[in-house]
Amino acid sequence: MKNMKWALALACVLPALGYAQQNYTLQGAVGKVDKPAKAYLRLNYDGKERIDSVEIKNGKFEFKGSIPSPMEAHLRIIHDNAPFDPAKPPKQDILPFFIESATIKFVAADSIKHAKISGSPLNTENERVNTMLKPIYDQYEVLNNEYKAKSLADQQDPKYIKTLEDRANAIQQQTIDAKLDYVAKNPKSYMALMAFNSTLPPEFDALKAEKIFATLDPSLQNSILGKDLAKRIALVKKTSEGVEAQDFTQPDVNGKPVKLSDYRGKYVLIDFWASWCAPCRRENPNLVKSYAKYQKQGFEILGVSMDKAADKAKWLKAIEDDGLTWKQVGDLKGWENEAGVMYDVKAIPMNFLVDPNGKIIAKYLRGEELDKKLAEIFSK
């Protein structure tokens with residue numbers, strides 16, 4: 001599985017519900033590679049990285065073990081035991097693949113990264129699907145070559161750049177459609193779970209995703225990745241438009257507790273930001289403009305800092321420098337800010353617009369989009 005196009009690094013894991021352990025055997029035959037060369041197997045699940053190693057003798061190595069469900073894995077070969085030299089780092093000889101309950105064989109002339117995989121239905125299916133998607137992915141290369149062939153003036157032309165973006169977006173949608181079609185036709189295949197997972201950006205329609213997820217076989221839903229995905233959908237669903245905003249309490253700059261529910265009866269924008277975040281600071285003038293325009297009509301902003309305690313002085317200075325006159329709160333736990341965790345904030349700036357009844361009516365409103373939304377609200 002040399003071109004794993006659907007892999008996503010997921011950090012959140014649901015509590016284990018009792019998986020049936022699956023036994024695996026990995027057998028490698030890599031040319032004349034011999035000791036002191038070693039093979040390393042890396043797995044990552046339940047929030048822990050697991051690394052096993054064996055010596056390679058006459059090109060042969062073997063791993064045996066068990067896993068709770070199929071998952072991504074990596075094989076790596078270190079060909080000698082020379083001390084690490086940062087000036088001459090060793091070449092990476094790594095093969096990503098899928099590990100499952102099977103006897104999986106890897107055969108290569110000299111490097112594991114060039115190995116052919118056999119005995120694994122899952123890796124065979126991955127190759128088949130990658131082949132199916134290749135004509136779509138190749139369209140990106142066509143765009144890249146077209147761009148490279150253009151003059152510098154054309155490359156900097158906003159109209160031309162817009163056409164490139166439009167065509168790239170069309171290719172992306174074509175890719176998503178192809179993957180979702182595969183999901184619908186192969187609800188019992190682990191690759192369907194991988195395909196579906198890869199179609200979901202940081203922000204997605206959680207209700208639609210929940211319906212698709214429900215069509216997958218229960219064995220997939222209960223796999224490591226399936227449980228990760230279920231939790232991700234549940235988190236996004238909690239902050240979907242139309243859902244009641246989760247209440248929270250955070251201290252303001254003077255340590256006084258402030259509740260989101262204090263803003264009932266008004267439209268309030270929950271704005272997650274930080275003093276060190278350049279895009280946030282660039283966005284602040286837009287917020288200042290919108291606040292000045294609509295504050296008297298019932299619009300408020302509640303700034304939530306993702307700064308750490310060590311940066312409190314920088315946070316306070318940024319508030320003053322950027323002219324942020326609305327309420328600012330933060331528990332100063334950085335990315336572990338309790339409100340940020342509650343709202344699944346993984347990137348900033350991020351915001352949620354809440355109506356007077358406490359329901360989320362929009363999110364990620366940046367630049368002119370916020371002003372347009374507020375104009376729509378207050379012109380009624």
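The values are calculated or read from the model by the stated rules, or taken from the named source; none is laboratory data. The model shown is predicted, which means the values in this text are computed figures rather than measured ones. We place every Cβ from the backbone using ideal geometry, glycine too, and count neighbours over all the protein chains shown. Keep in mind that these areas ignore ligands, DNA and RNA; they rest on the heavy atoms of the full protein, side chains included. Shrake-Rupley method; radii C 1.70, N 1.55, O 1.52, S 1.80 Å.
Restricting ALA195, ALA153 to those that are under 30 Å from ILE360 (Cβ atoms), assigned to a helix (DSSP H, G or I) and of a type in the set (A, V, I, L, M, F, W, C) reduces the list to ALA195. Remark: pairs (first residue in the stretch 278-300, touching a residue at least 60 places away in the same chain (Cβ under 8 Å); second residue open to solvent by less than 60 Å² (accessible area, probe 1.4 Å) and among the charged types (D, E, K, R); Cβ separation under 7 Å; 6+ apart in sequence or on different chains) = LEU287/ASP271; SER290/ASP371.
Answer yes or no as to whether ILE319 is over 28 Å from the mean Cα position of the chain (by Cα), under 14 Å from ARG281 (Cα atoms) and in contact (Cβ under 8 Å) with a residue 40 or more places away in the chain. So ILE319 fits the description; yes. When the stretch 192-225 is filtered for residues that are open to solvent by less than 30 Å² (accessible area, probe 1.4 Å), within 13 Å of SER69 (Cα to Cα) and in contact (Cβ under 8 Å) with a residue 60 or more places away in the chain, the ones remaining, listed by number, are SER223, ILE224, LEU225.
So that you can scan it fast, the table gives a plain yes or no per residue for (1) open to solvent by 40 Å² or more (accessible area, probe 1.4 Å); (2) out of contact with any helix residue (DSSP H, G or I) (no Cβ under 9 Å at 6 or more places or on another chain):
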site: GLY119; (1), (2): yes, yes
site: LEU122; (1), (2): no, no
site: THR131; (1), (2): yes, yes
site: ASP154; (1), (2): yes, no
site: LYS159; (1), (2): yes, yes
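Count of the stretch 167-205 residues, restricted to those that are among the charged types (D, E, K, R) and modelled with pLDDT under 95, is 2. From the residues in the stretch 353-367 that are open to solvent by 20 Å² or more (accessible area, probe 1.4 Å), in a loop (DSSP other than H, G, I, E, B) and at pLDDT 95 or above, which one is nearest to THR239 (Cα to Cα)? By that ranking, first place goes to ASP355. Take LEU287 and decide whether it is modelled with pLDDT of 95 or more, closer than 15 Å to PRO349 by Cβ and under 26 Å from the mean Cα position of the chain (by Cα). Spelling it out, it is not the case that LEU287 is modelled with pLDDT of 95 or more, closer than 15 Å to PRO349 by Cβ and under 26 Å from the mean Cα position of the chain (by Cα).
Selection of the stretch 53-82 for residues being farther than 15 Å from LEU95 by Cβ and of a type in the set (D, E, K, R) yields GLU55, LYS57, LYS60, GLU62, LYS64, ASP80.
Would you be able to say whether some residue in the stretch 13-22 is assigned to a strand (DSSP E or B) and modelled with pLDDT of 95 or more? Looking for residues that are assigned to a strand (DSSP E or B) and modelled with pLDDT of 95 or more, one finds none in the stretch 13-22, hence no. Within the stretch 258-282, the set of residues being touching a strand residue (DSSP E or B) at 6+ places or on another chain (Cβ under 7 Å) and aliphatic (A, V, I, L, M) comprises VAL258, LEU260, VAL268, LEU269, ILE270, ALA274. Checked against (1) farther than 28 Å from SER66 by Cβ; (2) touching a helix residue (DSSP H, G or I) at 6+ places or on another chain (Cβ under 9 Å), ASP138 passes all but a single condition, namely (2). Checked against (1) over 23 Å from the mean Cα position of the chain (by Cα); (2) open to solvent by less than 20 Å² (accessible area, probe 1.4 Å); (3) closer than 19 Å to GLN250 by Cα, ALA339 meets all criteria but (1). Set side by side, the residues LEU324, LEU370 differ, and just one is in contact (Cβ under 8 Å) with a residue 12 or more places away in the chain, surrounded by 12 or more Cβ atoms within 10 Å (Cβ to Cβ) and over 29 Å from PHE204 (Cβ atoms), which is LEU324.
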